[in-house]
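Following: one structure in structure tokens, then a few remarks.
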Amino acid sequence: MRRAWLVTWEHVMDSGEIVYTFEALLSHQIQNDVMLKIAEQLYATHHYNLQKRRCDSYCSIKAAYMYLNDGSVFKDHIVCLGEPLLRARRVYNISFCTSEDGSQQLQCFEPHIVVEGGQRLIDSWEHIAVPFKKVNNMMK
């Protein structure tokens, strides 16, 4: 089973549809606290110019871990709120394919975790399909 951190931007369209834009696929071995800082830096790089990023208080929107249904922290899922929203999450069973319209897609699965009786359980697996394009032999 191939695992990684998938980083995407999420844009909410006028119709309410959520459109994912691929940002990065990083090693699953990156620790959660390090990934939190990477997410903040990616968000800041996207939203602020270099001069603003040099300030200590440049980023008013910080990365945060998601919470489960019992209020406990889930460190395998990180978000930076805003428009667009930046999301970093651990994903599994990663594959690359060509969709029906000829575009390239990264496909993977993310576990949906719930807490029942004090234990974390995988309730279901969410299928994620994110379009990407290759730029200079690197995925974008």
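Residue selection: Asn49 fails the criterion of being out of contact with any Cys (no Cβ under 7 Å at 6 or more places or on another chain), modelled with pLDDT under 90 and more than 30 Å from Asp14 (Cβ to Cβ). Residues in segment 1-23 that are surrounded by fewer than 16 Cβ atoms within 10 Å (Cβ to Cβ) and either closer than 14 Å to Asp76 by Cβ or touching a helix residue (DSSP H, G or I) at 6+ places or on another chain (Cβ under 9 Å) (or both): Arg3 only.
Would you mind stating whether Leu42 is surrounded by 16 or more Cβ atoms within 10 Å (Cβ to Cβ) and either modelled with pLDDT of 90 or more or on the phi < 0 side of the Ramachandran plot (or both)?
yes
Looking at the structure I just gave you, is Ser27 among the hydroxyl-bearing types (Ser, Thr, Tyr), surrounded by fewer than 16 Cβ atoms within 10 Å (Cβ to Cβ) and under 18 Å from Asp76 (Cα atoms)? When the stated conditions are applied, Ser27 passes them. Among the residues of segment 4-32, those that are without any contact (Cβ under 8 Å) to a residue 12 or more places away in the chain and outside any strand (DSSP E or B) comprise Met13, Asp14, Ser15, Gly16, Glu17, Gln29, Gln31.
Conditions tested, residue by residue: (1) within 18 Å of Trp5 (Cα to Cα); (2) modelled with pLDDT under 90; (3) in contact with a Cys (Cβ under 7 Å, 6 or more places away or on another chain); (4) not in a strand (DSSP E or B).
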| site | (1), (2), (3), (4) |
| --- | --- |
| Val79 | yes, no, no, no |
| Tyr92 | yes, no, yes, no |
| Glu100 | no, yes, no, yes |
| Glu110 | yes, no, no, no |
| Val115 | no, no, no, no |
| His127 | yes, no, no, no |
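The values are calculated or read from the model by the stated rules, or taken from the named source; none is laboratory data. All figures in this text were calculated on a predicted structure; none of them were measured in a lab. Cβ coordinates were reconstructed from backbone atoms using ideal geometry, including for glycine residues, and neighbour counts include every protein chain displayed.
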